[in-house]
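I have placed the structure first, in the form of structure tokens, so that the comments after it can refer back to it.
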Amino acid sequence: APLERIKILFQVHNMPITILKSVKEIVKQEGALALWNGNMAVCVRVIPYSAVQYVSYDFAKAVIYPTDVKNVTATQRVLSGACAGVSAVVCTYPLDLVRVRLACQRPRLSADGTRYTMRYKGIVDCLAKIYK
């Protein structure tokens, strides 16, 4: 999870060149736990993703496979898997968006200039602010 966060920060922010410098900067500014920002959204996303993929694959098999299961081609298997994967990604995309938003947020100086604040406090807060 820490390397995933650093990768996302490299993609969206102007970060130091090396991974070690990035880790040191994050720990210094935000604390060690900040290396795992966005990781809970990944954990929450796994169960619905797997459930949708499993159900979608069974549905796609029922539609695509012939009645004689012994004569299933590789193309039919790949097509069933692709349908299941697309269905799972479409259904869980909001959680992936939350994961990225939580991972790429950086502390900002408050309006009064006395402390640093974060834009999102967690998964629910991020979803609510996206919805607005």
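Listing for the model above:
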item: Cα centroid separation, segment 48-80 to segment 1-37 (Å); result: 40
item: Whichever lysines have a C-alpha closer than 18 Å to that of Lys21, once near sequence neighbours (fewer than 8 apart) are set aside; result: Lys7
item: Nitroxide proxy distance, nm - points 7 Å out along Cα→Cβ at Asp58 and Lys21; result: 5.3
item: Area projected by the alpha carbon convex hull of segment 86-131, averaged over all directions, nm²; result: 3.6
item: Arg99, Arg77, reordered so the largest accessible area comes first (probe 1.4 Å); result: Arg77, Arg99
item: Among the listed pairs Lys24/Lys132; Lys24/Lys121; Lys61/Lys129, those beyond 31 Å (Cα-Cα); result: Lys24/Lys132; Lys61/Lys129
item: Two-site label geometry, Cys104 and Ala128: point separation in nm, points 7 Å out along Cα→Cβ; result: 2.4
item: Under the Karplus curve 6.51 cos²θ - 1.76 cosθ + 1.60, θ = phi - 60°, whole-Hz ³J(HN,Hα) for segment 99-106, x wherever Gly or Pro sits; result: 4, 5, 4, 5, 6, 9, 6, 10
item: Approximate shape of segment 40-123 as ellipsoid semi-axes (Cα gyration tensor, √5λ), whole Å, largest first; result: 44, 9, 7
item: Sites Val69 and Asp96, calculated FRET efficiency, Cβ-Cβ separation with R0 25 Å, nearest 0.05; result: 0.15
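The values are calculated or read from the model by the stated rules, or taken from the named source; none is laboratory data. Every value quoted in this text rests on a predicted model; they were computed, and no experiment measured them. Glycine also receives a Cβ, built like all others from the backbone with ideal geometry; neighbour counts cover every protein chain displayed. To get the accessible areas, we keep the full protein, side chains included, count just its heavy atoms, and leave off ligands, DNA and RNA. Shrake-Rupley method; radii C 1.70, N 1.55, O 1.52, S 1.80 Å.
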